[in-house]
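J.: Below is one structure. I have some questions about it.
Only the coordinates and a few stated rules stand behind these numbers; no lab work does. It should be emphasised that the depicted structure is a prediction, and the values quoted were computed from it without experimental measurement. So basically every Cβ, Gly included, is an ideal-geometry build from the backbone, and we count neighbours across all protein chains shown.
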Amino acid sequence: MARDLARELYKAFRNQPRRNRSHSVDEERVKIDDPQKFSDVLGELIVKRDWRQGLAEGNIFTDWNKIVGDDLATHSTPIALVDGELTIQTKSTAWATQLEIMRDELIKTISNSAPGALVESLRILGPNAPSWKKGLRTIKNARGPRDTYG
């Protein structure tokens, strides 16, 4: 299995204990050429560029098993988060219905486990249905190959 270095770096940074960052990193350095810890540089970059919300939203995708549990995670996958709407793809219509029933509870669970992430609503999709539109000569808005029985 291929290693995802970006994900490993992100998880390593995220799992580090929080330190008091009241003092500036520049105050400790004597010269600009002195080496710094990568975690300090990355933390400073996150604060300067205001990436905290993006990282919190990224937690939803990387920690989906921890957020919803193993049973639900094996049957559903978060696909996209756009304008506060999280799109979730399920493996069956039964699981899509189950997530619809749990919608409010799921939003609360996601908000509590990924603080800073903006999830206001869910869009739950079932499995992709097969397309009966085949070939070059199809008619728009026609019923398709099964219309000979009626």
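J.: Counting only other residues whose beta carbon sits under 15 Å from that of ARG103, what net charge do I get with K and R as +1, D and E as -1?
T.: The answer is -3.
J.: With a sphere of radius 9 Å drawn around the Cβ of VAL119, what net charge do the other residues whose Cβ falls strictly inside it have (Lys, Arg +1; Asp, Glu -1)?
T.: -3
J.: Scan segment 74-109 for trypsin sites (Lys or Arg not before Pro) in coil per DSSP, keeping those whose Cβ has at most 13 other Cβ atoms within 10 Å, and list them by number.
T.: Passing sites in segment 74-109 are LYS91.
J.: Separate question: Would you mind checking which residues have amide H under 5 Å from ILE124's amide H? H placed 1.01 Å from N; only 5 or more apart, or other chain.
T.: Residues meeting the amide H criterion: ILE88.
J.: If I model a spin label as a point 7 Å beyond the Cα along the Cα-Cβ vector, how far apart are those points for ASP40 and PHE13 in nm?
T.: Label-label distance for ASP40 and PHE13, simple model: 1.6 nm.
J.: Moving to a separate point now. For ALA80, what is the net charge nearby, where nearby means another residue's Cβ is under 15 Å from its Cβ and Lys, Arg count +1, Asp, Glu -1?
T.: Charge balance in the 15 Å sphere: -3.
J.: Starting from the Cα of THR77, step 7 Å along the direction of its Cβ; do the same at LYS140; then give the gap between the two resulting points in nm.
T.: Distance between the two pseudo-spin positions: 3.3 nm.
J.: Could you go through segment 58-72 in sequence order and give the Karplus-derived ³J(HN,Hα) for each residue, using 6.51 cos²θ - 1.76 cosθ + 1.60 with θ = phi - 60°, rounded to whole Hz, and x for Gly and Pro?
T.: x, 4, 4, 6, 7, 10, 4, 4, 6, 6, 9, x, 5, 5, 5
J.: Next question. If r is the Cβ-Cβ distance from ILE107 to ASN65 and R0 is 25 Å, what FRET efficiency results, to the nearest 0.05? Intermediate results must be reported in sequence, preceding the final value.
T.: Numbers: r = 18 Å, r/R0 = 0.72.
Step by step, r from the Cβ atoms, then E = 0.90.
J.: Please tell me the relative contact order of segment 33-129 in percent, rounded to the nearest whole number, where contacts are Cα pairs under 8 Å and at least six residues apart.
T.: 30 percent
J.: Could you pull out the GluC sites (Glu not before Pro) across segment 34-126 that fall in loop regions by DSSP (anything but H, G, I, E, B) with no more than 10 other Cβ atoms inside 10 Å?
T.: In loop regions of segment 34-126 (DSSP not H, G, I, E or B), the sparsely surrounded GluC sites (Glu not before Pro) are GLU120.
J.: I would also like to ask the following. Give the residue list of chymotrypsin sites (Phe, Trp or Tyr not before Pro) in segment 39-133 that are DSSP loop and have at most 12 other beta-carbon atoms within 10 angstrom. Mind dumping the intermediate values first?
T.: Values: sites: TRP51, PHE61, TRP64, TRP95, TRP132; in loops: TRP51, TRP132.
Taking segment 39-133 and a limit of 12 other Cβ atoms within 10 Å, the loop chymotrypsin sites (Phe, Trp or Tyr not before Pro) found are TRP132.
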